[in-house]
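Asker: After the structure tokens below, expect a handful of questions from me.
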Amino acid sequence: MTRRGAAGLAALAVLLIAWPTLIGNGQLFFWDTAVIAVLFATSVNLLFGSAGIPSFGQAAFYGVGAYAVAKVAAHSWPVPAALVLALVVGGVVAFVTSLITWRATGLTFAMLTLAIAQALYTLAEKLSWLGGYNGIPGVSAPNLWGINFSDATSLWYLNVVWVALGLLAFWRIRRSPFGHTLNAVRQDPVRAAFLGVNVRAYRAVAFTLAGCGAGLAGGLFAYSNQIVSPDNLYWTESATPIIMLLLGGINYFWGPAVGALLLSALLNYLNQVTTSYLLYIGILMLVVLLVLPEGVLSIPTVVRDFRHRRHRRGGPGRRSLGSVMGLAHAPPDTTPAPLPGGEPGMAGRP
Amino acid sequence: MIILATGLTDGMLIFLVASGLTLVLGVMRVVNFSHGGFFMIGAYLAYELMRGHVQPVWLFVLLVLAASAATAAIGLVSERILFRRLYRLPEVTSLLGTYALLLILEGAAQLIWGRNPVTQPEPSGLVHAFSIAGAQVPRYDILVVAAGVLTAVGLQVLIKGTELGRQLTAVAEDRYMAGLLGVNVNWVFAATFAIGIFLAGLGGALAGPTLSMVPDIAVTFILQAFAVVIIGGFGSIIGSLIAALALGLLHAFLVNKAPSLADFSLYMLMAAVLVVRPQGLLGSRQLGENL
Amino acid sequence: MNVPAPTAVEVRHVVKRFGGNIALDDVELTVTAGQVHAVIGPNGAGKSTLFATIAGEHRPDRGTVHVAGRDVTRLSAHRRVKAGVARAFQVARVFGEMTVEENVTVAVVAAHNTSRVFWRAAGLRRAHEPVIAALEQMGLADLRSRQAQALSQGDRKRLEIAMALVLEPKILLLDEPTAGMSPEETASTVALVHDLWASTELTVLLTEHDMQVVFDLAQQLTVLDRGHVLCTGDPATIRERQDVKDIYLGAAG
């Protein structure tokens, strides 16, 4: 870690510790949801940004984690145990999903993930064991080692600690040989396969890890929100982290985090001034997609390049959310390439 | 019998939506998530024209067509503004961009018509039910099924039998080559999109009397439509028809025999087909397939 | 087993159809270990399909493929890599957004089986030395920080070969290695393949349209025509055969 990086993190840590004093207990609930969103969005970016996996149903694992905590909180499970359970449950459900979608790619895969999440949503509405339509209220974290979590400040620290752990985990994953290989799989799965990489298995592992992160975020949400309901599994809950990635920039590790903070603030504001935040979120998403496809964190790069008016070294430049998914048939502005050798077996291969 | 009738009706509605989706997907290679939004707009526009009053059949049909045309017009505008920029981009970008459009459409509908359900009754003369084989079959269903059959036949005729259809097929196969051969690709795209959105609006306007209208029907129907398109197989209109009818029938069957499972009918169908055959019933490859 | 199998690749009675089209019709091919073996034939003869079948991209409808004595017919692409097959594509496939160094790292990490480690970065650091060694072997060391998509076609092919060699394959499949190259690049590629063949026990199976390259490099030649094997033998003999000349002239006419 660089000296600047370490100093930055230290400053951030101080800020986070002092935060309750700085802004007052009343505001903390918003910030709780914001940091949980940071974790959730970062976990989703393991899929979109690193692995190139278009999952539109991550709320499934988020919701499953939330429900897991809600159920065991009623039995006064200690908080760390409950959160680990949420993480594990999220991972298990994600793993099962990856088995169901094993052979699917692209749009089929995206639709299957969406459908599975909606199926779980429907299930949650129907099962009385899960509280049915109304969900499970009254989720509260039992005291731990003398800490009383009904105090907003303590709850804040709980969230910060676990989100930090989660982010650390995803940071390490991204920097690991596995993360590097995932990146390769995203760019050219065929090439990766012919280097000996079992592409489907790697995607399944990535999917499971992301599910763990989502589950943990859901578990934290349960304690903070104190109510868990089927809405936590609805498709809008899956859409939110995706918009956060788009907003912040998927190329950057901190992209989802920045996007999460920005969008949370925006949603908070919008909910106060209008009944239909969907409209404005949609417009925002379009603007970002068309104008700043690499997200907010790319602004410095865009400005710098505009100033120097040079082509960045490396040809077509860096990637946007849409172009990286490893699903593209052709890069932008090219015509379909002639089939090598004219052999029928090559049809459809990029 | 009631199962058959309801199943066919629901299936036909989904088919109407799915057919437009398949068309746009196949010819333009754009994954149009907002298609469900146009379905919803069609429903609401029809409602706006009829304001919840019972209409005579001929007027009803006229207004439905008017609503569909209006929806198609909105579609053309969005084609010009948004979709033109998405054509050369990979499928997933268009997925996200059209998703944003869906949010916009649903949001706008929420603002204009509110979130509370509204209803539009069937036209007079089709309100009650026939008695067929001992079961009560709603007369309105006949209209819907007829519309679906007409659409299926009409599309086949269009694609196989007309000049436009030939151009559509050419562009779907290879838009670059088609352009070289003199086809005005932009125009074909606009026409395809207009037809596709018209069908979505038609589906919505016809669906009005069968459901309780809230903006969120945009999403319920898009999920079903997409699922049907994928289950039926990429680019196959007949495939979508089969899948849509299968879905409608399965759902009706479950509502009758095992109601608690009925809401899962879509997922069951998806699992049954897509896990085993990811390219769908009549499809040859998955969309966005790599390895 | 350290004793190299006498045959590196055996293709027996392979049939491959696409729709109604028979791409490979009862194809037999034996590649002797340690040799450079070329497959030639007019367009549409089935060369790419044959390569794809050996590499594991396609499963033959009938017949078997053996690599280094082992039946790999049922193995998927990534398993065949583990069985000793490495492949370079006609249009070089590299990871465009990554630097040259990062590209080779992917190969090293995959070959050493550390790619499954997701909890720490140590494997990537340990890969550094083998990566540099591989780059130097291929003369790519000063390009190591260049983004792969900015490389020339020739350099991309060298990068691909560098990655393939990292896998320590028994057999290297080269699909038109000099396609689209300038005469200088062609010459250096030929020299490269020649050196590889001379200095290692590597078996090379290549397909080419450039006959000069074929005759410079190959000890054995197989001629394919419309999915059939026409003949196999040493280049000098093959080039004199009338039936070989005919299929080329016939295809051109």
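What follows draws every value from the coordinates through simple rules; no lab data is involved. Here the structure is a predicted model, which means the values were calculated and not measured. Virtual Cβ from ideal backbone geometry, glycine too; neighbours counted across all protein chains shown.
Asker: Where a Cα-Cα gap under 21 Å defines reach, which lysines qualify for residue A:71, not counting those fewer than 8 residues away within the same chain?
Answerer: Within the straight-line cut-off, residue A:71 pairs with A:126.
Asker: Sorted from largest down, what three extents in whole angstroms do the Cα atoms of the stretch B:1-101 have along their principal axes?
Answerer: 46, 32, 20
Asker: Would you work out if chain C is rounded, prolate or oblate? Take a ≥ b ≥ c from the square roots of the eigenvalues of the alpha-carbon gyration tensor; rounded if a/c is under 1.5, else prolate when a/b is larger than b/c, oblate otherwise. Show your work: numbers first, answer last.
Answerer: Working: a/c = 1.90, a/b = 1.48, b/c = 1.28.
Note, shape of chain C comes out prolate.
Asker: Summing Lys, Arg as +1 and Asp, Glu as -1, what charge do residues with Cβ under 14 Å from the Cβ of residue A:121 carry, residue A:121 excluded? Before the final figure, lay out each step's value.
Answerer: Details: positive: A:126; negative: A:125, A:231, A:237, B:216, B:263.
Result for the neighbourhood of residue A:121: -4.
Asker: Okay, moving on. Kirkwood hydrodynamic radius of chain A from all distinct Cα pairs, in Å?
Answerer: 21.3 Å
Asker: Is the shape of the stretch C:16-67 rounded, prolate or oblate, going by the alpha carbon gyration tensor and its root eigenvalues a ≥ b ≥ c, with a/c under 1.5 for rounded and a/b larger than b/c for prolate?
Answerer: Since a/c reaches 1.5 but b/c is at least a/b, the shape of the stretch C:16-67 is classed as oblate.
Asker: Please report the antiparallel percentage of the DSSP beta bridges confined to the protein assembly as shown, to the nearest 5.
Answerer: On the way: 28 of 46 bridges.
In the protein assembly as shown, DSSP labels about 60 percent of beta bridges as antiparallel.
Asker: Let me know the charge dipole size of chain B about its Cα centre in debye, to the nearest 20, where only the beta-carbon of Lys, Arg (+1) and Asp, Glu (-1) is charged.
Answerer: Charge dipole, chain B, about its Cα centre: 340 debye, nearest 20.
Asker: Highest GNM mean-square fluctuation, chain A, Cα pairs closer than 10 Å: which of A:255, A:196, A:57?
Answerer: Checking each option, the largest mean-square fluctuation is seen for A:196.
Asker: Straight-line reach from residue B:160: which aspartates and glutamates have a Cα under 15 Å away, not including same-chain ones fewer than 8 places off?
Answerer: B:173
Asker: Next question, about the same structure. Give me the percent relative contact order of the stretch A:115-259, please, defined on Cα pairs under 8 angstrom at least 6 residues apart.
Answerer: About 32 percent, as a whole number.
Asker: Compute the signed sum of charges (Lys and Arg +1, Asp and Glu -1) over the other residues within less than 12 Å, Cβ to Cβ, of residue C:191.
Answerer: Neighbourhood net charge equals -3.
Asker: What does the charge add up to near residue C:69, with Lys and Arg as +1, Asp and Glu as -1, over the other residues with Cβ less than 11 Å from its Cβ?
Answerer: Counting the neighbours of residue C:69, the net charge comes to 0.
Asker: Would you compute, for the Cα atoms of the protein assembly as shown, the largest minus smallest coordinate along each principal axis and list the three values in descending order, in whole Å?
Answerer: Computed over the Cα atoms, the extents are 89, 74, 56 Å.
Asker: Could you please rank A:162, A:129, placing first whichever residue has the fewest other Cβ atoms within 10 Å of its Cβ? Please list the in-between numbers first.
Answerer: Numbers: A:162 23, A:129 10.
Fewest-to-most Cβ neighbours within 10 Å comes out as A:129, A:162.
Asker: Packing-wise, with mean Cβ within 10 Å as the measure, how do A:84-94, B:113-123 rank, highest first? Spell out each step's value before the answer.
Answerer: Numbers: A:84-94: 23.4, B:113-123: 15.8.
By packing density, highest mean first, the sequence is A:84-94, B:113-123.
Asker: Going by Cα centres, the stretch A:246-286 and the stretch B:16-77 are how many Å apart?
Answerer: 30 Å
Asker: Could you please rank B:83, B:226, placing first whichever residue has the fewest other Cβ atoms within 10 Å of its Cβ?
Answerer: Fewest-to-most Cβ neighbours within 10 Å comes out as B:83, B:226.
Asker: Please report, in Å, the Rg and the Dmax of the stretch A:148-246, where both are computed over Cα atoms only.
Answerer: 17.1, 55
Asker: What percent antiparallel are the DSSP beta bridges of chain C, to the nearest 5?
Answerer: 55 percent
Asker: Grab every C-alpha pair in the stretch B:2-216, bin the distances at 5 angstrom width from 0 up to the longest one, and report whole percents.
Answerer: Taking all Cα pairs of the stretch B:2-216, the binned fractions are 1, 7, 14, 18, 18, 15, 11, 7, 4, 2, 1, 0 percent.
Asker: Next question. If exposed trypsin sites (Lys or Arg not before Pro) are those in a DSSP loop with at most 13 other Cβ within 10 Å, what is the longest stretch of chain A that has none? Spell out each step's value before the answer.
Answerer: Working: sites that count: A:309, A:310, A:313.
In chain A, the maximal stretch lacking such sites is A:1-308.
Asker: State to the nearest 20 debye the size of the charge dipole of the stretch C:95-150 about its Cα centre, where the only charges are +1 on K and R beta carbons and -1 on D and E beta carbons.
Answerer: 280 debye
Asker: Now a separate question. So for chain B, averaging the separation of alpha carbon pairs under 8 Å that are six or more residues apart and normalising by length, what relative contact order in percent results?
Answerer: Answer for chain B is 37 percent.
Asker: Can you compute the charge dipole magnitude of the protein assembly as shown about its Cα centre, using +1 on each Lys and Arg Cβ and -1 on each Asp and Glu Cβ, nothing else charged? Give it in debye, rounded to the nearest 20. Numbers along the way, then the final one.
Answerer: Values: 62 positive and 53 negative charges, 226 e Å.
For the protein assembly as shown, the charge dipole is close to 1080 debye.
Asker: Projecting each Cα onto the charge dipole of the protein assembly as shown (Lys/Arg +1, Asp/Glu -1 at the beta carbon, about the Cα centre), which of C:51, A:41, A:53 comes out farthest on the positive side?
Answerer: Farthest towards the positive pole: A:41.
Asker: Of A:75, A:184, A:93, which is farthest towards the positive pole of the stretch A:28-233's charge dipole, taken about the Cα centre with +1 and -1 on the beta-carbons of Lys, Arg and Asp, Glu respectively?
Answerer: Result: A:184, furthest along the dipole toward the positive end.
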